[in-house]
Amino acid sequence: MSQGTFADPVRILLYGFNQRNESMMRQLFRGARWRDCTVVDDASADFAIVDLDGPSPEKIWSAFRKAFPTLFALVVSMQLRHKDNALFLQKPLSMERLRTSVDEIKTYLKQENSQTPTDKVETTDAPALTALDAAHTLATEEDSHLFGDKTEVSFDDKVALGTRMFDPEKYLYGELSKAIEQSRATGKPLEISGSLYGRVLPGAIRILPQENLVEHTLRDIMIRAMSIVRLDSGQLVLQTKEAFAPLQGSVTVNLDAFLWEVAVATSRGRLSKALRMHEPLTLQHWPNMTQYLEVPYSLQISSLLVSSAYTAQELCEQFGIPQRFVFSYLSALNAIGILVSGSSNKTSHTTNDKRPLRRFFNRILERLSLDTAS
Amino acid sequence: MKDNAHYKIIFTGPVGAGKTTAIAALSDVPPVTTEQKATDETASRKELTTTSLDYGIMRLENGQSVHLYGTPGQERFNFMWEILTEGGIGLVLLLDAARENPEQDMVFFIEAFQELISSTGLAIGLSRVDLVENADALRLRLIEVLKSRQLNPPVFFVDARKKEDIQTLVRAMLYSIDPGITHG
């Protein structure tokens, strides 16, 4: 890390990028949203962003460490590359994720600089990057809660892969799906009630098949809790019965949107066992995305699956989409019944594809995503 | 591509579907709109109607811009549509779910903009869904009609007043043109 006093704008060194990407990064950091950052070309940097997707990533990293032994780094790569004194950010980069990582590093650097020398001695035995880890945990708490473990597992490791799958039958999700199916078949409303941790649920869920609606009297947090507790644990007990009387004081939501949310909450970054990792899948049509809880990368995955069939593995590996988002999103699509097995004939959509307007589209997306975040 | 190229996103659809509002939601400048008091059959749907076009602009970080054009809602102005679509990178079709026959409206507009759709992309926003009884069924009917024409674009419920709905629709349109784009 720079020996100077840390202050805005934070000084960033770009290392390992090819000429084109470095030029793009420099352009990015000139943008309105990055006024608190400036790109420098020397050891005055507060931290570095190191691209490890060149032809010899280990050589790049060694050369970087030789030149800047103590400089903190943000490592960016399509592959998982965890390095000492560095934070890792998996490509493809998005403005939001890059912004979050830079903010985390700024928090860390500020904390480091605010410590007196005595503080530093006292904390030597503490695990490295404690402050950064804490900031990172805070920034990603919601994301981890909803989309599960960030670590990627090998698609060749059957044991590890097994931990990234779940059986819908063992959750509210399975019970709800069956009830919806039965209700639609008979045309009669059904009500789900029960108990959680031995206490009667403070409300119920009523399925209205004719109107394609669900009415319920449960808070969102309770539905989330019910979604993640396994039925076979005995801690969640559900009963489904015919119910013609409306629930007093209920809220009404679209049935598919409700099922979608339960599926995402249950999935937590895992793939439903109703699907197979290596099975090519395709979408019958786009889901009604403005009505559903958005999973990161869902628009990109939808556009791919509408035009061709892909396996979960292909979506992760060919397009660099984190597993937890692919698994959550495929589980949600499957819940609403628009995902089907497909042949593996593909239209070429690789990220290396050179389409004339791709860079322009990226900029529009960047702008729209910025607006969404603001 | 040249930085000063004039690239457009075209917003079209029948009177009252929310084109002017959608452009206002995305534009960085107050949209230029040419609305007049409606005097024909439109008067029953809205007091003011767009008689030539709506125009807005979305500025990007590198100094480039995307121009947002809304077509006049009334069919008697459709001589302007061909001129408007030159340089179009995609079409956002907004349909009013509460109109008498949204399927017919959709077919009319996808035929009118067939050339633009076949060379770029399409996304469909279904507005005023709260005013119809089973909007989900209507959406599925529209999708079936589109499939019979070998089209499978995003079809989302939108409230044109909600910026995030319009943003999601435009993002989906861009992905449907090129799923290999990587941001967001």
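Identify, from the list B:Glu111, B:Glu100, B:Glu82, B:Glu115, the residue that is surrounded by fewer than 20 Cβ atoms within 10 Å (Cβ to Cβ) and either in contact with a Pro (Cβ under 7 Å, 6 or more places away or on another chain) or assigned to a loop (DSSP other than H, G, I, E, B) (or both). Please lay out each step first, then the result.
Numbers: B:Glu111 fails: either in contact with a Pro (Cβ under 7 Å, 6 or more places away or on another chain) or assigned to a loop (DSSP other than H, G, I, E, B) (or both); B:Glu82 fails: either in contact with a Pro (Cβ under 7 Å, 6 or more places away or on another chain) or assigned to a loop (DSSP other than H, G, I, E, B) (or both); B:Glu115 fails: either in contact with a Pro (Cβ under 7 Å, 6 or more places away or on another chain) or assigned to a loop (DSSP other than H, G, I, E, B) (or both).
Sole residue among the options that is surrounded by fewer than 20 Cβ atoms within 10 Å (Cβ to Cβ) and either in contact with a Pro (Cβ under 7 Å, 6 or more places away or on another chain) or assigned to a loop (DSSP other than H, G, I, E, B) (or both): B:Glu100.
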Query raised in the report: basic (Lys, Arg) and either assigned by TED's automatic domain parsing to the domain that holds A:Val326 or closer than 23 Å to A:Ser331 by Cα (or both): does that describe A:Arg199?
Result: no
Report summary line: By residue number, the members of the range A:10-36 that are in contact (Cβ under 8 Å) with a residue 40 or more places away in the chain and of a type outside the set (A, V, I, L, M, F, W, C) are A:Tyr15, A:Gly16, A:Arg33, A:Asp36
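For A:Val253, are the conditions met, namely being within 24 Å of A:Ile221 (Cα to Cα), assigned to a strand (DSSP E or B), of a type outside the set (S, T, N, Q) and within 14 Å of chain B (Cβ to nearest Cβ)? Step through it out loud before you land on a result.
Working: within 24 Å of A:Ile221 (Cα to Cα): yes; assigned to a strand (DSSP E or B): yes; of a type outside the set (S, T, N, Q): yes; within 14 Å of chain B (Cβ to nearest Cβ): yes.
When the stated conditions are applied, A:Val253 passes them.
State whether the residues of the range A:213-226 include one that is within 14 Å of chain B (Cβ to nearest Cβ), buried (at least 21 other Cβ atoms within 10 Å of the Cβ) and farther than 21 Å from B:Ile143 by Cα. Give the derivation first.
Here is the first cut: in the range A:213-226, the residues within 14 Å of chain B (Cβ to nearest Cβ) are A:213-214.
So of that shortlist, the ones also buried (at least 21 other Cβ atoms within 10 Å of the Cβ) come out as A:214.
So of that shortlist, the ones also farther than 21 Å from B:Ile143 by Cα come out as A:214.
The answer is yes; a qualifying residue exists.
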Report summary line: All conditions in (1) within 19 Å of the chain's Cα centre (by Cα); (2) within 7 Å of chain A (Cβ to nearest Cβ) are true of B:Arg128 except (2)
Query raised in the report: Among the listed residues A:Arg276, A:Arg355, A:Arg367, which satisfies the condition of being charged (D, E, K, R) and either buried (at least 21 other Cβ atoms within 10 Å of the Cβ) or at pLDDT 95 or above (or both)?
Result: A:Arg367
Report task. Kindly indicate whether any position in the range B:136-158 is touching a residue at least 60 places away in the same chain (Cβ under 8 Å) and away from every other protein chain (no Cβ under 11 Å). Result -> no
Requested in this report: Just give me the residues in the range A:214-245 being touching a Ser or Thr at 6+ places or on another chain (Cβ under 7 Å) and among the aromatic types (Phe, Trp, Tyr), in sequence order.
Outcome: none
Query raised in the report: Are any of the residues in the range A:141-153 assigned to a loop (DSSP other than H, G, I, E, B), small (Gly, Ala, Ser) and not assigned by TED's automatic domain parsing to the domain that holds A:Gln239?
Result: yes
Report summary line: Within the range B:164-184, residues being part of a helix (DSSP H, G or I), within 7 Å of another protein chain (Cβ to nearest Cβ) and not β-branched (Val, Ile, Thr) number 8
Query raised in the report: So, in the range A:293-307, of the ones that are in a loop (DSSP other than H, G, I, E, B) and crowded, with 22+ Cβ neighbours inside 10 Å, which residue ends up farthest from the other protein chains (Cβ to nearest Cβ)?
Result: A:Val295
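Residues are listed down the side, and each one gets a yes or a no for (1) closer than 18 Å to A:Lys150 by Cα; (2) in contact with a strand residue (DSSP E or B) (Cβ under 8 Å, 6 or more places away or on another chain); (3) of a type outside the set (Asp, Glu); (4) within 14 Å of another protein chain (Cβ to nearest Cβ):
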position	(1), (2), (3), (4)
A:Arg30	no, no, yes, yes
A:Asp36	no, yes, no, no
A:Asp46	no, yes, no, no
A:Glu58	no, no, no, no
A:Trp61	no, yes, yes, no
A:Arg65	no, no, yes, no
A:Phe72	no, yes, yes, no
A:His82	yes, yes, yes, no
A:Met95	no, no, yes, yes
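Among A:Lys241, A:Lys178, A:Lys170, which is under 20 Å from A:Ser328 (Cβ atoms), more than 14 Å from chain B (Cβ to nearest Cβ) and either within 31 Å of the chain's Cα centre (by Cα) or touching a residue at least 24 places away in the same chain (Cβ under 8 Å) (or both)?
Details: A:Lys241 fails: under 20 Å from A:Ser328 (Cβ atoms); A:Lys178 fails: under 20 Å from A:Ser328 (Cβ atoms).
One residue alone meets the criteria, A:Lys170.
Can you tell me which residue in the range A:327-341 is nearest to A:Cys316 (Cα to Cα), limited to those that are touching a strand residue (DSSP E or B) at 6+ places or on another chain (Cβ under 7 Å) and not in a strand (DSSP E or B)?
Quick first cut of the range A:327-341, residues touching a strand residue (DSSP E or B) at 6+ places or on another chain (Cβ under 7 Å) only: A:327, A:330-331, A:333-334, A:338-341.
Applying the additional criterion that residues be not in a strand (DSSP E or B) yields A:327, A:330-331, A:333-334, A:338.
Values: A:Phe327: 9, A:Leu330: 12, A:Ser331: 15, A:Leu333: 16, A:Asn334: 18, A:Ile338: 20 Å.
Top of the filtered list is A:Phe327.
The values are calculated or read from the model by the stated rules, or taken from the named source; none is laboratory data. What you see is a predicted model, and the numbers here were worked out from it, not measured in a lab. Positions of Cβ are generated from backbone atoms using ideal geometry, with glycine treated the same way; all protein chains shown enter the neighbour counts.
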